[in-house]
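Student: The structure is given below, and queries will be raised subsequently.
The values are calculated or read from the model by the stated rules, or taken from the named source; none is laboratory data. Bear in mind the structure is a predicted one, so any value in this text is a computation, not a measurement. Cβ atoms come from the backbone with ideal geometry, glycine included; neighbour counts cover every protein chain shown. With ligands, DNA and RNA removed, areas are computed over all heavy atoms of the protein, side chains included. Shrake-Rupley method; radii C 1.70, N 1.55, O 1.52, S 1.80 Å.
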Amino acid sequence: MVPRLPWGDDASAYAAAFEVWLASPPAELRAATRPIASYEERVAVTSALMRVLFDEGWARYGWPTQLGGLGGDILHRAAMWEALARHGLPAMALFEHLEVLAPTLVAMGEPGFLAEVLPQFLRGEQLWSQGFSEPESGSDLAAVRTRAVAVDGGYAITGRKIWTSWARYATWCLVLARTGTVASRHRGLTAFAVDLRSPGVEVRAIEQANGTDELAEVTFDDVLVGPGRIVGELNGGWRVAMHILSHERGTFAWFRHNFLYRQVLDALAHGEPAGDALLGDALLDLAAVRASSYAALRSHAADVPLGARATFVKLHLASSEQAVQNWRLASDADLAVGIQDDEAAAQRQDYLFSRIVTVYGGSQQMQLDTIAKQILRLP
Amino acid sequence: MTSTIEQTDHEFLDAACRTLRAPAGDTDPLDALGWWDLLADLADRDVRGAALALFRAQGRELASSTALGALIAQPFAALTGHAPGSLVAAIGRHSPRRGERQVVLGDVTGAALLVDRPGHGAVVVGADEIELAPVTVPGQLVVHEVVTDLAGAPATVEESQAGPARARARSLGRLALALEILGAAEGTLTLAVAHAATREQFGKPIGTFQAVRHLLAWAQTDCVALESVTTVAIGLDEDSAPPRHDEIVKALAGRNGRRICERTLQVLGAIGFTSEHSHHHFHSRVLALDALLGSSTELTYALGAWARATHLDPAVRASVLLRDPAA
């Protein structure tokens with residue numbers, strides 16, 4: 001167990017101490033560093049690692065003490081995941097949602113509920129998914145149709161969510177539902193924490209073009225949700241969604257891009273001289289996203305809202321991810337046509353996924369529109 | 001868009017832009033800014049940030065000075081005993097037609113010139129004692145090529161001492177060039193955004209068309225990438241920078257700078273391709289600066305080859321970033 005006092009205020013000292021600890025890595029980290037094609041297995045080994053990191057205290061830094069954390073801020077989490085990537089962890093798997101959803105849950109959720117569920121999330125016991133998109137509501141998020149109707153004991157939710165990341169592996173889903181009229185658009189939305197084990201919930205995994213089942217379709221048929229499960233205010237769901245998206249587009253890039261560096265380092269052995277220019281290009285893009293996402297972390301740690309600036313970071317992340325995978329494909333034709341052992345299969349998954357990173361979290365076209373309108377102030 | 005840079009750097013940048021924009025009198029604008037005094041204390045992060053902000057201002061204002069040569073000469077000045085600013089370095093470049101050449105930026109009349117010859121030490125010579133030929137390139141850059149052959153001149157700084165100074169000089173020079181490229185790219189982007197807001201076709205401003213909006217949004221995204229990377233680089237000390245970091249910064253600047261100029265030119269249309277419009281000055285300046293101390297193309301390729309050969313991690317460690325509270 002890590003002492004709770006020394007590093008709450010000092011992410012730099014925390015990073016140094018964690019590095020020392022990692023010098024003798026636990027078996028759970030070694031188990032999670034090998035290539036694994038199955039998402040189910042990947043979630044299992046990463047959850048096992050998180051349990052160790054939680055029990056040893058490391059994963060509790062960066063979260064409020066009243067919610068089961070050990071204090072500190074996002075810089076502690078930034079240091080932890082960067083070190084894990086450097087020490088061989090290939091991806092965050094479902095724990096990406098710790099950096100997409102959890103900051104908003106902590107900022108806007110009901111404290112009693114969070115004190116119960118956050119430690120379970122951090123310990124890998126009860127995981128979270130994000131239920132925003134619907135068949136008729138993609139880029140136009142304000143057109144959400146899933147309804148939440150006030151009933152005895154809370155709200156009854158009915159509707160259909162799609163592209164719900166990691167729902168197959170999650171216990172909880174943060175659902176954006178309509179509590180006002182359809183015409184009220186973004187003003188009539190509320191965010192609910194829904195227990196996916198509830199009667200009336202059906203999760204259907206969607207097999208993706210890269211062979212994984214990270215995404216799912218989730219249907220809600222009169223699912224009862226208690227009043228304490230509202231995140232943020234009633235009809236304040238848009239604010240919750242924007243808070244989440246500012247993380248998903250901004251600070252999340254810090255966490256994800258560290259694993260892109262990992263992928264580069266792991267693939268160097270396969271590198272061919274013909275790919276050197278592509279590799280160099282990828283390293284430039286990685287330097288860009290590292291610098292801009294670090295500025296986003298600093299901004300968040302200082303409580304300065306990123307606002308529309310998060311879109312730059314999102315675009316830098318997508319560019320770097322595609323650049324890294326462009327090089328990997330050019331260096332290793334096995335991804336396209338070779339026998340798919342676990343290593344090649346996992347890399348092929350990554351390559352194909354990189355072709356769609358310009359879609360999730362707000363399509364690239366939408367990001368560019370945001371910059372044109374809110375930053376450049378074009379007519 | 002200057003939101004990621006330090007407040008003090010921001011203030012110096014604004015002041016430098018104002019000073020460089022003011023009508024030229026008898027006063028050296030760098031004197032007026034107190035810029036030469038900054039050279040003596042580049043080890044201090046804040047001083048370094050202010051000193052380097054000048055280059056971004058030069059890019060924006062299309063100003064020309066000997067600042068780059070003075071900055072590059074600074075690590076040598078401690079060895080030669082020159083006062084900051086009195087020694088100006090020439091910059092070596094390879095001409096495919098005429099072999100190794102040395103160029104100087106700005107008006108070097110009366111200055112002492114440092115000509116570095118990797119492998120053979122560096123020589124210091126009065127600029128007035130050698131022949132300089134003007135090089136005419138657009139971009140409102142004052143450029144001269146050293147005509148006098150100094151290959152056989154006795155070394156003023158022996159190779160054993162010149163080596164470490166050279167590494168630091170190149171690193172500072174690349175960062176300064178990256179910032180000047182950023183400034184020039186911002187200069188043309190400002191013009192293109194204003195053009196898109198006012199130029200009308202089909203009865204409305206062209207900036208209402210998504211294709212045009214996206215070109216400009218990409219250009220801004222490339223500017224922010226470069227600004228973020230230079231901000232991190234300014235905060236790094238000699239010992240905390242990962243290997244080849246200066247080359248990454250310079251390569252990114254050249255690549256993004258050229259890309260920004262191409263996108264703004266596309267938005268400006270034919271008027272942007274005339275000599276009466278300022279775009280070509282910004283664009284040509286970016287091309288010229290990209291060609292100094294390693295072009296984007298050669299550095300990018302070399303970076304990839306190096307990473308593949310060494311398997312070294314070129315990322316700035318989180319622990320290094322966290323150490324600098326200003327980063």
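Student: Quick one: if the Förster radius is 25 Å, what FRET efficiency do A:ALA143 and A:ALA308 give, using the C-beta to C-beta distance and rounding to 0.05?
Tutor: Details: r = 21 Å, r/R0 = 0.85.
Approximately 0.75, to the nearest 0.05.
Student: Hull surface divided by four, with the convex hull built on the Cα atoms of chain B: how many nm²? Kindly include the intermediate steps, with their values, before the conclusion.
Tutor: Numbers: hull surface 72.3 nm².
Its Cα hull, projected and averaged over all orientations, spans 18.1 nm².
Student: Testing the spin-label approximation: label points 7 Å from Cα along Cα→Cβ at B:VAL137 and A:GLN374. State their distance in nm.
Tutor: 3.9 nm
Student: Mind giving me the FRET efficiency for B:PHE273 and B:VAL147? R0 is 35 Å, r the Cβ-Cβ distance, nearest 0.05 is fine.
Tutor: On the way: r = 33 Å, r/R0 = 0.95.
Approximately 0.60, to the nearest 0.05.
Student: Excluding A:ARG204 itself, what net charge comes from residues whose Cβ is under 9 Å from its Cβ, given Lys and Arg +1 and Asp and Glu -1? Kindly include the intermediate steps, with their values, before the conclusion.
Tutor: Numbers: positive: A:ARG168; negative: A:GLU202, A:GLU217.
Residues near A:ARG204 contribute -1 overall.
Student: Moving on. Straight-line reach only, C-alpha to C-alpha below 15 angstrom: list the aspartates and glutamates that B:LYS250 could link to, leaving out same-chain residues fewer than 8 apart.
Tutor: In chain and number order, the partners are A:ASP281, A:ASP285, B:GLU180, B:ASP222, B:GLU227, B:ASP290, B:GLU298.
Student: Which stretch or stretches of segment B:222-253 have amide N atoms under 16 Å from the point lying 7 Å from B:THR8's Cα along the Cα→Cβ direction?
Tutor: Answer for this model: B:231-237.
Student: Give me a comma-separated list of calculated 3J(HN,Hα) values for segment A:39-44, in order, Karplus coefficients 6.51, -1.76, 1.60 applied at θ = phi - 60°, integers in Hz, x for any Gly or Pro.
Tutor: 3J(HN,Hα) across segment A:39-44, in whole Hz: 5, 4, 5, 5, 5, 5.
Student: Still on this structure, I have one more. Taking the Cα centre of the protein assembly as shown as origin, work out the dipole magnitude from +1 charges on Lys and Arg Cβ and -1 charges on Asp and Glu Cβ, in debye rounded to 20. It would help to have the intermediate numbers written out before the result.
Tutor: Working: 61 positive and 81 negative charges, 314 e Å.
Charge dipole of the protein assembly as shown: 1500 debye, to the nearest 20.
Student: Given springs between every Cα pair under 10 Å in a Gaussian network model of chain A, which of A:ALA13, A:ALA253, A:ALA346 has the largest fluctuation?
Tutor: A:ALA13
Student: Please build a GNM for chain B, connecting alpha carbons under 10 Å apart, and tell me which residue among B:THR19, B:THR297, B:THR198 fluctuates the most.
Tutor: Its mean-square fluctuation being the largest, the pick is B:THR198.
Student: Which of B:ALA225, B:ALA53, B:ALA151 ends up with the largest GNM mean-square fluctuation for chain B, with Cα atoms connected below 10 Å?
Tutor: In the Gaussian network model the winner is B:ALA151.
Student: Can you pull the percent of segment A:238-375's accessible area that's carbon plus sulfur, 1.4 Å probe, other chains left in place? Each step should come with its number before you reach the end.
Tutor: On the way: 2570 of 4680 Å².
So the carbon and sulfur contribution to the accessible surface is 55 percent.
Student: Let me ask something additional. Measure off, as a whole percent, the carbon and sulfur share of the 1.4 Å-probe accessible area of segment A:129-236, all protein chains present.
Tutor: Numbers: 2280 of 4660 Å².
Of the solvent-accessible surface of segment A:129-236, carbon and sulfur hold 49 percent.
Student: Under a Cβ-Cβ cut-off of 12 Å, what is the net charge of the residues other than A:GLN367 that fall near it, where Lys and Arg count +1 and Asp and Glu count -1? Let's see the in-between values first.
Tutor: Details: positive: A:ARG249, A:ARG309, A:LYS314, A:LYS373, B:ARG213; negative: A:GLU248, A:ASP369.
Here the count lands on +3.
Student: To the nearest 0.05, what FRET efficiency results for A:ALA13 and A:ARG34 with a Förster distance of 35 Å applied to their C-beta separation? List each step's numbers first, then the result.
Tutor: Numbers: r = 31 Å, r/R0 = 0.89.
After rounding, the FRET efficiency stands at 0.65.
Student: Mind listing P(r) for the protein assembly as shown? All alpha-carbon pairs, 20 Å bins, whole percents.
Tutor: 17, 47, 29, 7, 0
Student: Heavy atoms only, probe 1.4 angstrom, no DNA, RNA or ligands counted: give me A:ARG147, B:ARG263, A:ARG77 ranked by accessible area, highest first. Please report the intermediate quantities before stating the final value.
Tutor: Numbers: A:ARG147 100, B:ARG263 55, A:ARG77 15 Å².
Largest accessible area first, the residues go A:ARG147, B:ARG263, A:ARG77.
Student: Can I ask one more? Let me cross-check B:HIS120: its accessible surface, 1.4 Å probe, with only protein heavy atoms counted, in Å² to the nearest 10?
Tutor: 130 Å²
Student: Indicate the residues belonging to segment B:291-311 that lose 30 Å² or more of solvent-accessible heavy-atom surface (probe 1.4 Å) upon moving from the chain alone to the assembly of all protein chains, ignoring ligands and nucleic acids.
Tutor: B:THR300, B:TYR301, B:LEU303, B:GLY304, B:ALA307, B:ARG308, B:HIS311
Student: Counting other Cβ atoms within 10 Å, which GluC sites (Glu not before Pro) in segment B:219-327 have at most 16 and lie in a DSSP loop?
Tutor: Values: sites: B:GLU227, B:GLU238, B:GLU247, B:GLU262, B:GLU276, B:GLU298; in loops: B:GLU238, B:GLU276.
For GluC sites (Glu not before Pro) across segment B:219-327 that sit outside H, G, I, E and B with at most 16 neighbouring Cβ atoms in 10 Å, the list reads B:GLU238, B:GLU276.
Student: Report the A-B buried area as the accessible area lost on both sides summed, probe 1.4 Å, in Å² to the nearest 100.
Tutor: On the way: alone 16090 and 15460 Å², together 27480 Å².
Protein heavy atoms only, the A-B interface buries about 4100 Å².
Student: Something else: Under 5 Å between amide H atoms, partner at least 5 residues away or on a different chain: which partners does A:GLY71 have, H built in plane at 1.01 Å?
Tutor: Counting only residues 5 or more places away or on other chains, the set is A:GLY62, A:TRP63, A:THR65.
Student: Next question, about the same structure. Limiting things to C-alpha atoms, what are the Rg and the maximum Cα-Cα separation (Dmax) for segment B:163-323, in angstroms?
Tutor: 17.9, 62
Student: Calculate the spin-label point distance for A:ALA183 paired with A:GLU233, positioning each point 7 Å from the Cα along the beta-carbon direction, and give it in nanometres.
Tutor: Inter-label distance under the simple model: 2.2 nm.
Student: Can I ask one more? Placing +1 on the Cβ of each Lys and Arg and -1 on the Cβ of each Asp and Glu in segment B:56-165, which of B:PRO84, B:GLY110, B:GLY139 has its Cα farthest towards the positive end of the resulting dipole?
Tutor: B:GLY139
Student: Using only the Cα atoms of segment A:11-126, what are the Rg and Dmax in Å?
Tutor: When restricted to Cα atoms, segment A:11-126 yields Rg and Dmax of 13.6, 38 Å.
Student: Let me ask you something else. I need the semi-axes of the equivalent ellipsoid of segment A:129-236: take the C-alpha gyration tensor, multiply each eigenvalue by 5, square-root it, list largest first in whole angstrom. Don't skip to the answer; put the middle values down first.
Tutor: Values: eigenvalues 98, 53, 22 Å².
Equivalent ellipsoid semi-axes, largest first: 22, 16, 10 Å.
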